[in-house]
2 protein chains.
Amino acid sequence: LERLGTVAIIGVGLIGGSVGLALRERGLARRVVGIGRDEARLAQAHRLGAVDEATTDLARGVAGAEVVIVGTPVHRIAAAVIAAAGSLSDGGWITDTGTKREIVAAVAQQNRARGLFVGAHPIAGSERQGAAHARADLFEGQTCVLTPTAATPARLVDRARAFWEALGSRVRTMTPEAHDAALARTSHLPHAVAAALAATVPPECLPLAAGAYRDGTRVAAAAGALWTAIFQQNRHALLDALTTFEDHMAQFRRALEADDPDQLLAWWESARTRRAAYDAQHGPDADRNHDQPAAKDDRKFPF
Amino acid sequence: LERLGTVAIIGVGLIGGSVGLALRERGLARRVVGIGRDEARLAQAHRLGAVDEATTDLARGVAGAEVVIVGTPVHRIAAAVIAAAGSLSDGGWITDTGTKREIVAAVAQQNRARGLFVGAHPIAGSERQGAAHARADLFEGQTCVLTPTAATPARLVDRARAFWEALGSRVRTMTPEAHDAALARTSHLPHAVAAALAATVPPECLPLAAGAYRDGTRVAAAAGALWTAIFQQNRHALLDALTTFEDHMAQFRRALEADDPDQLLAWWESARTRRAAYDAQHGPDADRNHDQPAAKDDRKFPF
């Protein structure tokens, strides 16, 4: 990646803030401008070194930007992309960070925006939100999915690939639909299940909770507004994933009601094989600490 | 705890092996004898420093023991307790490490055994099995539940409390039924759910799996035979917990089908509040690394 001029980040929370930290720490951009609706959050992102400048004025913030990254909650991404496209100087292009089909479809409705936009989803994050939990290495070794369409210029796909790779991501290209179907199973369903598990354990049992509870419910600590929007944006694929999950739970119930060790064991082993395949791909300790906030002295701020 | 003479451990896997390591590292016993059915596993436990001696002869192994700890898979605990009671010298007593109601009921059928037994469940473990993953600090700061009955002599309850506290546990006393009802929700259901989640994600989606999948399915890597036995031993309480969980998932499905953000948000927030209560009790980083194998140089073997 050649050094970028101005990069504008709309939405400087966990993801947008991490993009800013990574750009600045790696010296990838001459100037990083943070754009947001909340002055206090912008000031925090600036204080933490995620952006060089901050503004609540989207048009002013994106003017002159070579790249715009939209890191808002998913239900505001499409509108932000379209607004950015209206103010962007020639040569600029736009990428984002969220669930894909609805966003890509909404942007495709808008002539100028669809030719400037490369849909992206860096698969990284945590149950924590806000720039305070951002980290420059959030994307390192993590997959970033690009979802170009027939309307996306090939040179922009190349630029988007180079951009996300420069932040440490392993980039792959998929259709928005394939992306959403996969994420429904790998991320959105696990979030819903974590919440249902958390809801099932009454407070008086919590002193007895150990590792299975702790890890199984971890993401239930995530922000409700963000996840409500994600669930809604991907509800069709998520309902499909939910049906498959319910089938597996129903099989478990039948085996347990039958008190049949062979059936229980066969059920368990087929699931265990799936998880073993993940460990084989990612390594047993893959990403172990990736969703945890960096210790303070691990954060190499550029100042 | 006064220094113990001989301690016998029946079943030297992850839990039994960790008891042995902790006893030896803390100098709590003059001699630790490992008892098992498999010569190779006993030899491994000995090599790792979990026991001073090992034997496949239960009667010989427990003769002269001051304390016997039964750490076998749960479906073999009651038989091992009864067998140990038959060979134990005067003054000796027995504790265990597993799911409670069925075990306590089976031991209560046997005159000699029921007066020598204090049911215990140290709530600690991991998805890994075997003495190779044992660690001297496995019980440190973890809860250990004692489930004495009317037949349990009070002085034995005191000794069992002192024993498990000496290994670093926080001891609490419950009825076997209350223990099993709680563990169904905090541990057994989360294991079943992790497996169902793992089964729901097809192999081609695994490259896109990140933290929510990794943590949500971690315990699906556990051994099927151990978990089949635990599920069966606690099937009534687990079926209850399963019903509650299914109700929460059904609420989620209805909110998603209705595409109703208020309903989704309310559902999420009530779950998030539960998880927040856990974090408030345990600290947000409670037990973070407890289910992971110790780095080799963290293992302070006594030799």
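The values are calculated or read from the model by the stated rules, or taken from the named source; none is laboratory data. None of these values were measured; they are calculated from a predicted model. Cβ atoms come from the backbone with ideal geometry, glycine included; neighbour counts cover every protein chain shown.
Some values worked out for this structure:
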{"quantity": "B:Thr56 of a type in the set (S, T, N, Q), in contact with a Leu (Cβ under 9 Å, 6 or more places away or on another chain) and surrounded by fewer than 24 Cβ atoms within 10 Å (Cβ to Cβ)", "calculated": "yes"}
{"quantity": "Region A:164-176: number of residues that are within 16 Å of the chain's Cα centre (by Cα) and touching a residue at least 40 places away in the same chain (Cβ under 8 Å)", "calculated": "6"}
{"quantity": "Candidate set: region B:145-175, residues that are in contact with a Lys or Arg (Cβ under 7 Å, 6 or more places away or on another chain) and within 14 Å of chain A (Cβ to nearest Cβ); chosen: the one farthest from B:Ala29 (Cα to Cα)", "calculated": "B:Thr147"}
{"quantity": "Qualifying residue in region A:200-217 (condition: in a helix (DSSP H, G or I), on the phi < 0 side of the Ramachandran plot, touching a residue at least 12 places away in the same chain (Cβ under 8 Å) and more than 7 Å from chain B (Cβ to nearest Cβ))", "calculated": "no"}
{"quantity": "Strands (runs of 3 or more DSSP E) contained entirely in region A:1-80, each with at least 1 residues that are touching an Asp or Glu at 6+ places or on another chain (Cβ under 7 Å)", "calculated": "A:4-10, A:29-35, A:67-70"}
{"quantity": "Restricting region A:218-240 to residues that are touching a helix residue (DSSP H, G or I) at 6+ places or on another chain (Cβ under 6 Å) and more than 7 Å from every other protein chain (Cβ to nearest Cβ), the residue that is farthest from B:Thr147 (Cα to Cα)", "calculated": "A:Gln233"}
{"quantity": "Contacts under 6 angstrom Cβ, first residue in region A:241-253 being more than 7 Å from every other protein chain (Cβ to nearest Cβ), partner crowded, with 18+ Cβ neighbours inside 10 Å and assigned to a helix (DSSP H, G or I), 6 or more apart", "calculated": "A:Gln251/A:Trp267"}
{"quantity": "Which numbered condition B:Ala178 misses (of (1) under 17 Å from B:Thr95 (Cα atoms); (2) at pLDDT 95 or above)", "calculated": "(1)"}
{"quantity": "Complete set of residues in region B:150-168 that are within 11 Å of B:Val118 (Cβ to Cβ) and buried (at least 23 other Cβ atoms within 10 Å of the Cβ)", "calculated": "B:Ala160, B:Phe163, B:Trp164"}
{"quantity": "Selected residue (only one of A:Leu226, A:Leu156, A:Leu239, A:Leu189 is in contact with a strand residue (DSSP E or B) (Cβ under 7 Å, 6 or more places away or on another chain) and part of a helix (DSSP H, G or I))", "calculated": "A:Leu156"}
{"quantity": "Lone unmet requirement of (1) under 28 Å from B:Gln232 (Cβ atoms); (2) buried (at least 20 other Cβ atoms within 10 Å of the Cβ); (3) touching a helix residue (DSSP H, G or I) at 6+ places or on another chain (Cβ under 6 Å) for B:Val51", "calculated": "(1)"}
{"quantity": "Residue match in region B:180-195 (condition: of a type in the set (Asp, Glu), out of contact with any His (no Cβ under 7 Å at 6 or more places or on another chain) and within 17 Å of A:Leu206 (Cβ to Cβ))", "calculated": "yes"}
{"quantity": "Test: B:Ala237 is at pLDDT 95 or above and buried (at least 20 other Cβ atoms within 10 Å of the Cβ)", "calculated": "yes"}
{"quantity": "All positions within region B:137-158 that are touching a residue at least 60 places away in the same chain (Cβ under 8 Å) and over 17 Å from the mean Cα position of the chain (by Cα)", "calculated": "B:Leu156"}
{"quantity": "Search result, residues across region A:105-136 that are over 15 Å from the mean Cα position of the chain (by Cα), more than 26 Å from B:Pro207 (Cβ to Cβ) and touching a residue at least 12 places away in the same chain (Cβ under 8 Å)", "calculated": "A:Ala106, A:Ala108, A:Gln110, A:Arg112, A:Ala113, A:Arg114, A:Gly115, A:Leu116, A:Ala132"}
{"quantity": "Residue list for region A:121-140, restricted to those being more than 8 Å from chain B (Cβ to nearest Cβ) and in contact with a strand residue (DSSP E or B) (Cβ under 7 Å, 6 or more places away or on another chain)", "calculated": "A:His121, A:Pro122, A:Phe139"}
